[in-house]
Structures are given as C-alpha cells and as structure tokens.
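I have a structure here, written as structure tokens, and I will follow up with some questions on it.
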C-alpha cells in the first residue's frame, strides 16, 4: 500500500538527510590524518608554529593541511612525498631548512596537490 504524497515527501526528506550526513562525515574523515595519539601534542605544537620557508611571515598550515608523509622518494631530479595514496612533488623552495622534524618522520603541508611546506625526516 502506497503512502500519501505527504508521507512520501517526508520519507524522501529523511532519506536525503541521512545521505547528506553520511557524505559530510565521510568527507570530514578524509580530511583527517593519522596522528598517533602520543604524537598529537608535538604535531600540533610544530604545525602551529611552522612558517613557510619561501614566505617566512606566513604560516604553513593547520592540522587539516599537515600530516606525516606516508613515504618519500626521489623521482628524477625532484623529491616527492606520498599523502593519501598520491605522490606530491616537493618544490625546493618549500623545503624547511631551519627546523628539524618533531618526531623524526617527514612531514608536509599541502592544499590539494600543492605542497606548501615540507620537512625531511631523519635518514631521508
């Protein structure tokens, strides 16, 4: 038995609301980065005070833009860092030369595919 037009419209609104919430939660999780719980304080301290190597008066990032790199490799004459399964080319002017990594890993801040700041980890 089919519902009335008002009931059908209400059900459609509920279904769309649930779908919208699911999309928002999925996108929010995609923007998060895996920071081991014990490293969150040192990462937040480092990221909040990290300034752009090529523009020292501007901040590199915030917690959403920055994360440890999954991997780093040399590709031709450039370095690349992996983030979320994508390899991002690191422009030489974006490499931090005045601060060390807070935890020995390579870190990068990027907006989309554009690297804003990068610091090499120990042994890279």
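The values are calculated or read from the model by the stated rules, or taken from the named source; none is laboratory data. On a predicted model such as this, the values are computed, not experimentally measured, just so you know. Using ideal geometry, Cβ is built from the backbone for each residue, glycine included, and neighbour counts are taken over all protein chains shown.
Which of the residues belonging to the stretch 68-84 are part of a loop (DSSP other than H, G, I, E, B) and either buried (at least 19 other Cβ atoms within 10 Å of the Cβ) or in contact (Cβ under 8 Å) with a residue 24 or more places away in the chain (or both)?
The answer is 69, 84.
If you don't mind, another one. Give me the residue from the stretch 87-124 that is part of a loop (DSSP other than H, G, I, E, B) and out of contact with any strand residue (DSSP E or B) (no Cβ under 8 Å at 6 or more places or on another chain) and, out of that set, farthest from residue 58 (Cα to Cα).
So the residue we want is 123.
For every residue, the table says whether it meets (1) within 22 Å of residue 48 (Cβ to Cβ); (2) within 12 Å of the chain's Cα centre (by Cα); (3) buried (at least 19 other Cβ atoms within 10 Å of the Cβ).
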{"position": "89", "(1), (2), (3)": "no, no, no"}
{"position": "101", "(1), (2), (3)": "yes, no, no"}
{"position": "107", "(1), (2), (3)": "yes, yes, yes"}
{"position": "116", "(1), (2), (3)": "yes, yes, yes"}
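Just name the residue that is modelled with the lowest pLDDT out of those in the stretch 34-67 that are part of a loop (DSSP other than H, G, I, E, B) and surrounded by 16 or more Cβ atoms within 10 Å (Cβ to Cβ).
35
If residue 120 meets every condition in (1) over 16 Å from residue 53 (Cβ atoms); (2) surrounded by 16 or more Cβ atoms within 10 Å (Cβ to Cβ) apart from one, which number is that one?
Unmet condition: (1).
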